[in-house]
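Below: one structure, written as structure tokens.
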Amino acid sequence: MRIGFVCYPTFGGSGVVATELGKALADKGHELHFITYSTPARMGSLKSNLFYHEVRVTDYPLFDFQPYESVLTSKMVEIAINYRLDILHVHYAIPHASAAIMARSILATKGIYLPIVTTLHGTDITLLGKDPAFEPVICYAINESDAVTTVSKSLKQDTYNHFGTDKEIGVIPNFICPSQYNQNPDEQFRTSIAPNGEPILTHISNFRPVKRIQDVLQVFARVRKTMPSKLLLVGDGPERSSMEHLVKSLGLLDDVTFIGKIKNPIEPLRVSDLFLLTSETESFGLAALEAMASGVPVIASNRGGIPEVIQHGQNGFLHEVGDVNGMAASAISLLENTEMLGQFRIQAKLRSLDFNIDHILPQYEAVYHQLVPHA
Ligand code: GMT
């Protein structure tokens, strides 16, 4: 099948899921065309059936705001025609799904049928979806897509709640590729972070307010009061400098390391003992699943799709949003009990295998085949 993929090329969860899915589909023999404004962060090396088409917006002096959505639409039309795409799979509602609907209409005027699969990832529904500036466009894009999927049952319910749509929505969870998690930890890196063998707690995100990184720091401050320990913060975003100030005012400068954006989050996960995800909400929590695949239990908030991934008391602990005392108590109880921590590590890895890409990829293929039975 010839499939167009539109996604954000960044390190954000939706871009990562789209890129890994696209690569896996190409490995299975499909022809994959990524259409986006820069090379997807997790793209890796190109293959003969894996293409990247750049959407380049020309900087006309007339525009205060560059019309990216129009240029993206034109690119989708061009690629669909030139490469005879069978289907277009867009990740994130805006502007990808709305642009795709426009592209489909343009193609229809040329006698070309291009079905659109839209995968909703979270903030397109839970944050932007609530904003009247976007709501009508997102709702239209959902209703007009040929198939819609969400990455968790919780996000499906949120979509119904926010948009009052009766569109049929399939749930296809996010996934991991287990083979990426088989390497040993980099002991030199571990020693550089925790020279005396202290436990390492880790958080990875795009440092947006929804992640509540202040809670990560408050949890760590409580753990640090009880035992020598280290906190590794991976990623970057709008909250980073205020969090650096908070680290200073909590007196944690010697024990917290900000390592910024990195290409491969599995490297820090391999040296971690616990993962913290204190978000206000998460449609799924891909970072938590990646931690579990690395054998790292997770302390998290019990919101959104997180409970569909982490099993409380087996491979992690879930608490109310903002319950930093509860989260810290759970973290301390695990770190103080090496036998329990070992069990949780095994259970975390086992649980992650429920999300093996080998189970998930056929679910997407089934959606494509339903829309294009003869491709
Ligand atoms: O986590 C983010 O803020 C990035 C965002 C994105 O759209 O890239 O992530 C969302 O999609 C991920 C992949 O499906 C999910 O694992 C994340 O839970 C979701 N983030 C939120 O719902 C806040």
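The values are calculated or read from the model by the stated rules, or taken from the named source; none is laboratory data. The model shown is predicted, which means the values in this text are computed figures rather than measured ones. As a convention, Cβ positions derive from the backbone with ideal geometry for all residues, glycine included, and neighbour counts pool all protein chains shown. Just so you know, the surface numbers come from the protein's heavy atoms only, side chains and all, with ligands and any DNA or RNA stripped out. Shrake-Rupley method; radii C 1.70, N 1.55, O 1.52, S 1.80 Å.
Among the numbered conditions (1) touching a residue at least 40 places away in the same chain (Cβ under 8 Å); (2) away from the ligand (no atom under 16 Å from the Cβ), the only one that Phe63 does not meet is (1). If you go through segment 160-186 and keep only what is open to solvent by 40 Å² or more (accessible area, probe 1.4 Å) and touching a residue at least 60 places away in the same chain (Cβ under 8 Å), you end up with Gln180, Gln183, Asn184, Pro185, Asp186. Of the residues that make up segment 338-351, is at least one crowded, with 20+ Cβ neighbours inside 10 Å, closer than 19 Å to Gln180 by Cβ and of a type in the set (A, V, I, L, M, F, W, C)? Yes, the conditions are met somewhere in segment 338-351. Once segment 84-103 is narrowed to residues that are more than 13 Å from the ligand (Cβ to nearest atom) and in a loop (DSSP other than H, G, I, E, B), the residue that is least open to solvent (accessible area, probe 1.4 Å) is Leu85. Against the test of being of a type in the set (A, V, I, L, M, F, W, C), over 17 Å from Phe134 (Cβ atoms) and away from the ligand (no atom under 16 Å from the Cβ), the options Val71, Val117 yield a single qualifying residue, Val71. Filtered by the rule that a residue be open to solvent by 10 Å² or more (accessible area, probe 1.4 Å) and touching a Lys or Arg at 6+ places or on another chain (Cβ under 6 Å), segment 203-217 gives a lone residue, Ser205. Close Cβ contacts (under 8 Å, 6 or more residues apart or on different chains) running from residues in segment 275-289 that are under 21 Å from Asn325 (Cα atoms) and of a type in the set (Ser, Thr, Tyr) to residues that are open to solvent by less than 10 Å² (accessible area, probe 1.4 Å) and within 6 Å of the ligand (Cβ to nearest atom) comprise Ser279/Gly285; Thr281/Gly122.
Among the residues of segment 140-159, some residue qualifies, meaning at least one is outside any helix (DSSP H, G or I), buried (at least 24 other Cβ atoms within 10 Å of the Cβ), among the aliphatic types (A, V, I, L, M) and touching a residue at least 40 places away in the same chain (Cβ under 8 Å).
Of everything in segment 304-337 that is touching a strand residue (DSSP E or B) at 6+ places or on another chain (Cβ under 6 Å) and of a type in the set (A, V, I, L, M, F, W, C), the residue that is surrounded by the fewest Cβ atoms within 10 Å (Cβ to Cβ) is Val321.
When Ile106, Ile112, Ile116 are checked against the criterion of being open to solvent by less than 10 Å² (accessible area, probe 1.4 Å) and hydrophobic (A, V, I, L, M, F, W, C), a single residue qualifies: Ile116. The set of residues in segment 160-184 being modelled with pLDDT under 95, within 20 Å of Lys130 (Cβ to Cβ) and not in a helix (DSSP H, G or I) consists of Gly164, Thr165, Asp166. If you go through segment 54-67 and keep only what is open to solvent by 60 Å² or more (accessible area, probe 1.4 Å) and either under 10 Å from Ile35 (Cα atoms) or of a type outside the set (Ser, Thr, Tyr) (or both), you end up with Glu54, Arg56, Asp59, Pro61, Leu62, Phe63, Asp64, Phe65, Gln66.
Residue-by-condition table, conditions (1) surrounded by 18 or more Cβ atoms within 10 Å (Cβ to Cβ); (2) assigned to a loop (DSSP other than H, G, I, E, B); (3) of a type outside the set (Asp, Glu):
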| residue | (1), (2), (3) |
| --- | --- |
| Ser48 | no, yes, yes |
| Tyr52 | no, no, yes |
| Glu69 | no, no, no |
| Met76 | yes, no, yes |
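Pairing each residue of segment 194-215 that is not assigned by TED's automatic domain parsing to the domain that holds Leu289 with any residue that is modelled with pLDDT under 95 and within 16 Å of the ligand (Cβ to nearest atom), provided the two are 6+ apart or on different chains, yields no C-beta distance under 9 Å.
Among the residues of segment 24-37, the one identified as out of contact with any strand residue (DSSP E or B) (no Cβ under 7 Å at 6 or more places or on another chain) and closer than 23 Å to Ala287 by Cα is Ala24.
I need every pair where a residue in segment 35-58 that is touching a residue at least 24 places away in the same chain (Cβ under 8 Å) has its Cβ under 7 Å from the Cβ of a residue that is assigned to a loop (DSSP other than H, G, I, E, B) and of a type in the set (D, E, K, R), sequence separation at least 6 or different chains. The qualifying pairs are Ala41/Lys263. Figure legend. Inter-residue proximity from segment 107-124: first residues assigned by TED's automatic domain parsing to the domain that holds Arg303, second residues open to solvent by less than 10 Å² (accessible area, probe 1.4 Å) and away from the ligand (no atom under 15 Å from the Cβ), beta-carbon distance below 9 Å, spacing 6+ or different chains. No pairs are indicated. Mind checking whether some residue in segment 331-352 is assigned to a helix (DSSP H, G or I), free of Cβ contacts under 8 Å to residues at least 40 places away in the same chain and under 25 Å from Val17 (Cα atoms)? Looking through segment 331-352, at least one residue is assigned to a helix (DSSP H, G or I), free of Cβ contacts under 8 Å to residues at least 40 places away in the same chain and under 25 Å from Val17 (Cα atoms).
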